[in-house]
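Pasting a structure here, questions to come.
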Amino acid sequence: MRKPAVTSVPIASVLAERWSPRALDASAVVSPEQVRALLEAARWAPSFGNTQPARYLVGVRGTPTFDAILATLNSGNRGWAHRASLLLIGVMVTTNEKGAVPYAEYGLGLASENLVLQAVELGLVAHQMAGFSADAVRSSFSLPEDAVPKVAIAVGSPAPAEVLEEDWRVERERAERQRLPLEEFAFTGQWGTPAL
């Protein structure tokens, strides 16, 4: 199922095609090369002063790491994410040898967006989630104090919306994508004055 963005002008296809489905093919597999490409894309994201604060816990379906990540998700996310081919936890490292890492959360966000866009480039889909227990991640994976789990990411191959079974979930999956109009998104001169 495709849901390309409806834009006022053409944008890069990898951006237009990116969305966050929950209907995933439980039989699809990600190859080691695909996992490596996702992580390389994240690794090469920009970061403040090249501090590179992003780190990832990586669980391929069928491994103990996948199961441990899945167990940290809230029940709503576990209800669909178990079909993912790959589960990751994005972690930001908040200190280095110089002290506090500035903009660590922003750096993790940039790296995660690179990962998600690389998934699209590979014909995969990715869904980022806030619904997980950071404390459970810390405990399960023995994270040091300066490593802060911020996002869970499910990667896989799309499946028909019907795999979600419940009518409301299927309808949500099929719903049109929404974004603020540019007039409410970009301003010039003063706040609230549309730039376009």
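Confirm whether residue 113 is open to solvent by 50 Å² or more (accessible area, probe 1.4 Å), charged (D, E, K, R), within 17 Å of residue 41 (Cα to Cα) and within 19 Å of the chain's Cα centre (by Cα).
Spelling it out, residue 113 is indeed open to solvent by 50 Å² or more (accessible area, probe 1.4 Å), charged (D, E, K, R), within 17 Å of residue 41 (Cα to Cα) and within 19 Å of the chain's Cα centre (by Cα).
Also, I was wondering about something else. Within the set of pairs 6 or more residues apart or between chains, which connect a residue that is under 16 Å from residue 25 (Cβ atoms) inside region 161-172 to a residue that is of a type in the set (Val, Ile, Thr) and open to solvent by less than 100 Å² (accessible area, probe 1.4 Å) with Cβ atoms less than 8 Å apart?
Close Cβ pairs satisfying both conditions: 161/170; 162/170; 164/170.
Residue 70 - would you say it is in contact with a strand residue (DSSP E or B) (Cβ under 7 Å, 6 or more places away or on another chain), in a strand (DSSP E or B) and surrounded by 17 or more Cβ atoms within 10 Å (Cβ to Cβ)?
no
If you don't mind, there's one more thing I want to ask. Would you mind stating whether residue 190 is at pLDDT 95 or above, in contact with a Gly (Cβ under 9 Å, 6 or more places away or on another chain) and polar (S, T, N, Q)?
No; evaluated as a whole, the condition is false for this residue.
All but one of (1) more than 27 Å from residue 49 (Cβ to Cβ); (2) small (Gly, Ala, Ser); (3) touching a residue at least 60 places away in the same chain (Cβ under 8 Å) hold for residue 147; which doesn't?
(1)
Can you pull out the residues in region 84-108 that are in contact (Cβ under 8 Å) with a residue 24 or more places away in the chain and open to solvent by 30 Å² or more (accessible area, probe 1.4 Å)?
Across region 84-108, the qualifying residues are 94, 95, 96, 102, 103, 105, 106.
If you go through region 122-163, how many residues are closer than 16 Å to residue 74 by Cβ and open to solvent by less than 50 Å² (accessible area, probe 1.4 Å)?
Counting residues in region 122-163 that are closer than 16 Å to residue 74 by Cβ and open to solvent by less than 50 Å² (accessible area, probe 1.4 Å) gives 13.
Looking only at residues that are without any contact (Cβ under 8 Å) to a residue 60 or more places away in the chain and in contact with a strand residue (DSSP E or B) (Cβ under 9 Å, 6 or more places away or on another chain) in region 38-52, which one is most open to solvent (accessible area, probe 1.4 Å)?
Across region 38-52, the extreme among qualifying residues is 52.
Hey, can you tell me all the residues within region 3-37 that are assigned to a loop (DSSP other than H, G, I, E, B), loosely packed, with under 13 Cβ neighbours inside 10 Å and without any contact (Cβ under 8 Å) to a residue 60 or more places away in the chain?
Within region 3-37, 7, 9, 10, 11, 12, 27, 31 meet the criteria.
Go over the candidates 55, 61 one by one and state the one that is surrounded by 15 or more Cβ atoms within 10 Å (Cβ to Cβ) and touching a residue at least 60 places away in the same chain (Cβ under 8 Å).
Matching residue, one of 55, 61: 55.
The values are calculated or read from the model by the stated rules, or taken from the named source; none is laboratory data. Please read all numbers here as calculations on a predicted model, not as lab measurements. Glycine gets a Cβ as well: all are built from the backbone with ideal geometry, and neighbour counts include every protein chain shown. Keep in mind that these areas ignore ligands, DNA and RNA; they rest on the heavy atoms of the full protein, side chains included. Shrake-Rupley method; radii C 1.70, N 1.55, O 1.52, S 1.80 Å.
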